[in-house]
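K.L.:
The structure that follows is given in the form of structure tokens.
The values are calculated or read from the model by the stated rules, or taken from the named source; none is laboratory data. Only a predicted model underlies this, so the values are computations on that prediction, with no experimental measurement involved. Here the Cβ is made from the backbone with ideal geometry for all residues, glycine too, and neighbour counts use every protein chain on show.
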Amino acid sequence: MSDPGPDDPEHRPSDVGHDPEADEALLALQRAARQMVTAARGLLDAAEVALDDPTLLRDAMGALGGLARDAVRMAADVGRQSAGDPGAGGATGPDDGDEGPVQHIPVD
């Protein structure tokens, strides 16, 4: 097969006029792509630092594990509170007997 020539209607330049909005969109896409490349480089730099310092990586994984455990514990507490479990640590009614830092003021 031969290359299409300039007379091929599918490969001729469009007769549509110049569109400044299309130029702006293209520039925005180019800027976004450059930002993605910069972010990827930063991620690779951080990964390289983590590989060079195994204790940093271990500590980060420990912190993430702790956050995950806390999130699971909090979700379980919310589930128990929704079910009305008085031992769940939340208020079970208008007055739970806890005179903590919040003052409840009755409104008539």
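K.L.:
All but one of (1) modelled with pLDDT under 90; (2) under 22 Å from the mean Cα position of the chain (by Cα) hold for Ala40, so report the exception by its number.
P.N.:
(1)
K.L.:
Answer yes or no as to whether Asp45 is surrounded by fewer than 10 Cβ atoms within 10 Å (Cβ to Cβ), of a type outside the set (A, V, I, L, M) and either more than 27 Å from the chain's Cα centre (by Cα) or at pLDDT 85 or above (or both).
P.N.:
Against the criterion (surrounded by fewer than 10 Cβ atoms within 10 Å (Cβ to Cβ), of a type outside the set (A, V, I, L, M) and either more than 27 Å from the chain's Cα centre (by Cα) or at pLDDT 85 or above (or both)), Asp45 does not qualify.
K.L.:
Further question on the same structure: Can you pull out the residues in the range 48-65 that are over 19 Å from the mean Cα position of the chain (by Cα) and in a helix (DSSP H, G or I)?
P.N.:
Glu48, Val49, Ala50, Leu51, Asp52, Pro54, Thr55, Leu56, Leu57, Arg58, Asp59, Gly62
K.L.:
Still on this structure, I have one more. For Pro13, state whether it is modelled with pLDDT under 85, loosely packed, with under 10 Cβ neighbours inside 10 Å and in contact with a Lys or Arg (Cβ under 9 Å, 6 or more places away or on another chain).
P.N.:
no
K.L.:
Same structure again: Select from the range 61-108 the residues that are at pLDDT 80 or above, farther than 30 Å from Ala50 by Cβ and surrounded by 10 or more Cβ atoms within 10 Å (Cβ to Cβ) and list them in ascending order.
P.N.:
Matches in the range 61-108: Ala76, Asp77, Val78.
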